[in-house]
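In what follows, a single structure is set out as C-alpha cells and then discussed.
The values are calculated or read from the model by the stated rules, or taken from the named source; none is laboratory data. Please read these numbers as outputs of a predicted model, since none were measured by experiment. When we count neighbours, we look across all protein chains shown, and the Cβ atoms used for this are built from the backbone with ideal geometry, even at glycine. Surface areas here come from the heavy atoms of the whole protein model, side chains and all, with no ligands, DNA or RNA. Shrake-Rupley method; radii C 1.70, N 1.55, O 1.52, S 1.80 Å.
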Amino acid sequence: MLNFIEVFDVMDVEPDSGASVWTGLTGTRKALERDGHMVDPKAMAYCPIEWVDERGYLDADLACRHPRPWGI
C-alpha cells in the first residue's frame, strides 16, 4: 500500500509581468520552509512518499515512470 504525502510547487515571480512561474521543483512543506521558499496551499498535490528524495523534493525521474503521476 502506498503512503501519500502533500507536496507543493516552488514558484518564482516573473519580474516583468508579476506572474507566478514554476521553478521545476516540487517538495514537502518542511523542505520548502527549510530552504526559504513560500508555501502556497493552492499549489498543493499528493504523491506517494516513495517519490520524495532525502532532501524532501519530488524525484521527477521516479514520478515520470508512473503512467499518470498526478492522476492520483
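Which residues, taken from region 1-19, are open to solvent by 80 Å² or more (accessible area, probe 1.4 Å) and either under 16 Å from Asp59 (Cβ atoms) or among the small types (Gly, Ala, Ser) (or both)? I'd like the intermediate steps shown before the answer.
First, the residues of region 1-19 that are open to solvent by 80 Å² or more (accessible area, probe 1.4 Å): 1-4, 12-13, 15-17.
Answer for region 1-19, where residues must be open to solvent by 80 Å² or more (accessible area, probe 1.4 Å) and either under 16 Å from Asp59 (Cβ atoms) or among the small types (Gly, Ala, Ser) (or both): Leu2, Asn3, Phe4, Ser17.
Keeping to region 18-57, report how many residues are of a type in the set (Gly, Ala, Ser) and not in a strand (DSSP E or B).
From region 18-57, those of a type in the set (Gly, Ala, Ser) are 18-20, 24, 27, 31, 36, 43, 45, 56; that's our starting set.
From what is left, the residues that are not in a strand (DSSP E or B) are 18-19, 31, 36, 43, 56.
Total satisfying the criteria: 6.
Test Trp51 against the stated conditions and say whether it is among the aromatic types (Phe, Trp, Tyr) and open to solvent by less than 60 Å² (accessible area, probe 1.4 Å). Reasoning before the result, please.
Details: among the aromatic types (Phe, Trp, Tyr): yes; open to solvent by less than 60 Å² (accessible area, probe 1.4 Å): yes.
For Trp51, the condition - among the aromatic types (Phe, Trp, Tyr) and open to solvent by less than 60 Å² (accessible area, probe 1.4 Å) - is met.
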